[in-house]
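Below is one structure, written out as structure tokens, with a few remarks after it.
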Amino acid sequence: MSAAAAVVAAPPHVAAVPPRVSEATTEPAWVRRSLIAVALVFLTLFLFVPLVAVFAEALKKGLDVYLAAIVEPDALSAIRLTLVAAAISVPLNCAFGVAAAWAIAKFDFRGKNLLLTLIDLPFSVSPVIAGLIFVLVFGLQGWLGGWLRDHDLKIIFALPGIVIATIFITFPFVARELIPLMQAQGVEQEEAARVLGASGWQIFRRVTLPNVRWALLYGVILCNARAMGEFGAVSVVSGHIRGQTNTMPLHIEILYNEYQFAAAFAVASLLAGLALLTLALKVVVERRVAAQAEVTRR
Amino acid sequence: MLLSRALLKRHSVLPGFDLALGFTLLYLSCIVLVPLSAAFLKTFTLTWPAFWDAVTAPRVVAAYRLTFGASLAAALANAVFGLVVCWVLVRYEFPGRRIVDALVDLPFALPTAVAGIALTALYSGNGWIGSLLPVKVSFTPVGVWVALTFIGLPFVVRTLQPVLEDLQREIEEAAAILGATRLQTFRRVILPIVTPALLTGFALAFARALGEYGSVIFIAGNLPMVSEIVPLLIITKLEQFDIPGATAIAVVMLVASFVLLLAINGLQAWTRARQGR
């Protein structure tokens, strides 16, 4: 579909457009300037100042307080738990995203649209409700609660619960990045490889993966950022045991509620740094994805 | 082999359909479908009057009013300012445009708890912004609106951006040649083209705001009947071990989300049709 649009838009813009017409399709200078001003004031109040405030508040009481808040044992254990939860949930969602994209983009089957909607479902569920549904399944009064207790297994208020809630929240990220790109790329290259005698694994590794690697990386980056920052869902299933089941966002909440503002913002600044890194990577990768889509279109 | 025989519309030479779709369906069921259905099945353990009482108690109704009202106001603000931001980013050249463009996604990348404490500090009475404002923002419903506006910001901009970029200048030139003023061209030509995308962005921001928790609880003050949002009420009920009550409210919110999801799907189909793809 987008390939057809590209063909239609193909003739490059001829430079000989009379200047008066181009003036007629833009606004007077004062309108342009005021619109830019409105946009920048709005973004400053709602985006830039909050971002700067995180770092300013974190360093308000000096570098020593900042570092002390980060190397403190509870903070370190929160950082470790956040990394572990992301290290388990991101690869699982990555595997799912690849499998779902392979089935959806490369084959024509009944119920595809329904499946696409269902994959997006976690985005429209409130994080708090996402946590709640796992309490209903694994909690003491839940479906599996009695069985889990009899076998001395702990899911809610422990690492497995945190991981599974994180998986739910970040479920669609990789699949959503891969599906549209792989659909646009079609199946010709894979079919050619098949005819030439490649096995399924070889087709995937040598043909499909190189074609989608940047989009895959992009999905993983977004998935990881959300996994490390998830608050609502994890808050419901974690039980807030200090030094044990507190992730970084939950640790921030506790510090903040104890009026340890500088410490709360210090830990928050780590996550804000991660967010900035994510955005920077996103810009780089987005450019590669666009280039890759351009190449496969030709 | 079963899946491919039952579902495939056309034979394919490519391998792996059964494995890929089988894993997809299994994973989807375990992580999403079965747990979600638990919420609906749990409410069936309540009698109808008990369910009705749980979801229409005055404190719950006040929370609905705040959550839906503030989400609507935030989505509206995002629609208006999102259109301006998107227009400026697509049409005009100014210093720092690319950085601004990248930072629009910040609310997607910044953890909600971080956003929550930053906004609270800024908009409280002695904060950088709060001290300049004549009205109290932190710990009031206005604070809820501020947090939800932050969270929903990228949705309108990012939904609108591809549509504005694809807008063909020729149409605007034609309108200008036919004697339309710039404002007429915008109102009669551009706005109708971008309306489906604008509505989609609005609905996405609204849907996200309805379920938002992390960024709101710090700034809201969380007074029952005044500044308590529905997700917080669900957590409060859970902490009081009122699991059926929490689930009943959750089901109401889930139904609202699913209706919105359907509306968004419809709007996206409309956007594609309007773009002629």
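What follows is calculated from the coordinates using simple rules that are stated; it is not laboratory data. A quick note: this is a predicted structure, and the numbers were derived from the prediction, not measured. No Cβ is skipped: glycine too gets one built from the backbone with ideal geometry, and neighbour counts run over all protein chains shown.
So here's what we get for this one:
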| quantity | calculated |
| --- | --- |
| Net charge over other residues, Cβ less than 13 angstrom from the Cβ of A:L51 (K, R count +1; D, E count -1) | -2 |
| Rel. contact order, % - alpha carbon contacts under 8 angstrom, at least six apart, chain B | 28 percent |
| Span-like helix ranges in chain A, DSSP H, alpha carbon extent 24 angstrom or more, Kyte mean at least -0.5 | A:73-106, A:209-229, A:261-297 |
| Residue order, fewest to most surrounding Cβ atoms within 10 angstrom, among A:H240, A:H151 | A:H151, A:H240 |
| Shielding score for B:148-159, defined as the mean number of other chain Cβ atoms within 10 Å | 1 |
| Nearest-0.05 FRET efficiency for B:R65 and B:R272, computed from C-beta distance (R0 35 Å) | 0.50 |
| Residues A:M248, A:M182 arranged by fewest to most Cβ contacts within 10 Å | A:M182, A:M248 |
| Chain A, relative contact order [Cα under 8 Å, separation at least 6], % | 29 percent |
| Label-point gap, in nm, between A:L159 and B:L178 - each point 7 angstrom along Cα→Cβ | 6.7 nm |
| Residue mean of other protein chain beta carbons inside 10 Å, A:208-214 | 0 |
| Unit charges on C-beta of K, R, D, E only; dipole of chain A, Debye | 700 debye |
| Farthest positive-ward along chain A dipole, Cα basis, beta-carbon charges - from A:T170, A:V49, A:A266 | A:T170 |
| Within 10 Å of each Cβ in A:227-234, the average number of Cβ atoms from other chains | 5 |
| Structure-based [θ]222 nm, chain A - -39500 (n - 2.57) summed over DSSP H runs of at least 4, per residue, nearest 500 | -23500 deg cm²/dmol |
| A:F109 long-range amide H proximity, modeled H, under 5 Å | B:K9 |
| Under the Debye formula (equal points on every Cα, no solvent term), log10 I(q)/I(0) of the range B:222-275 at q = 0.14, 0.15, 0.17, 0.20 Å⁻¹ | -0.53, -0.57, -0.64, -0.74 |
| Value at 222 nm in deg cm²/dmol, rounded to 500, when DSSP H runs of n ≥ 4 in chain B each add -39,500 (n - 2.57) | -23500 deg cm²/dmol |
| Test item: Cα-centred dipole of the protein assembly as shown, Lys/Arg +1 and Asp/Glu -1 on Cβ, debye | 1160 debye |
| Contact order normalised by residue count of the range B:126-250, Cα under 8 Å, 6+ apart, percent | 35 percent |
| Cα centroid of the range B:17-96 to Cα centroid of the range A:47-112, whole Å | 21 Å |
| Viscosity 1.567 mPa s, 4 °C: Kirkwood-radius Stokes-Einstein D of the range B:116-202 over Cα pairs, µm²/s | 82 µm²/s |
| Cα radius of gyration and Dmax for the protein assembly as shown (Å) | 24.8, 81 |
| Residue-by-residue Karplus 3J(HN,Hα) for the range B:166-178, coefficients 6.51, -1.76, 1.60, Hz, glycine and proline x | 7, 4, 7, 4, 4, 5, 5, 4, 4, 4, 5, 5, 6 |
| Most fluctuating residue given options A:S89, A:S77, A:S126, as computed from a GNM of chain A linking Cα atoms under 10 Å | A:S126 |
| Neighbour-count ranking [beta-carbon atoms within 10 angstrom, fewest first] of B:C30, A:C94 | B:C30, A:C94 |
| Greater than 28 Å apart at Cα, pairs in A:K60/B:K136; A:K61/B:K136; A:K61/B:K237; A:K154/B:K42 | A:K61/B:K237 |
| Quarter of the Cα convex hull surface for the range B:47-165, i.e. its orientation-mean projected area (nm²) | 10.4 nm² |
| In order through the range B:198-213: 3J(HN,Hα) via Karplus (6.51 cos²θ - 1.76 cosθ + 1.60), integer Hz, x for Gly, Pro | 4, 5, 4, x, 4, 5, 5, 5, 4, 4, 5, 5, 4, x, 5, 10 |
| Given charges at Cβ of Lys, Arg, Asp, Glu: chain A dipole, positive-most of A:L144, A:A100, A:I88 | A:A100 |
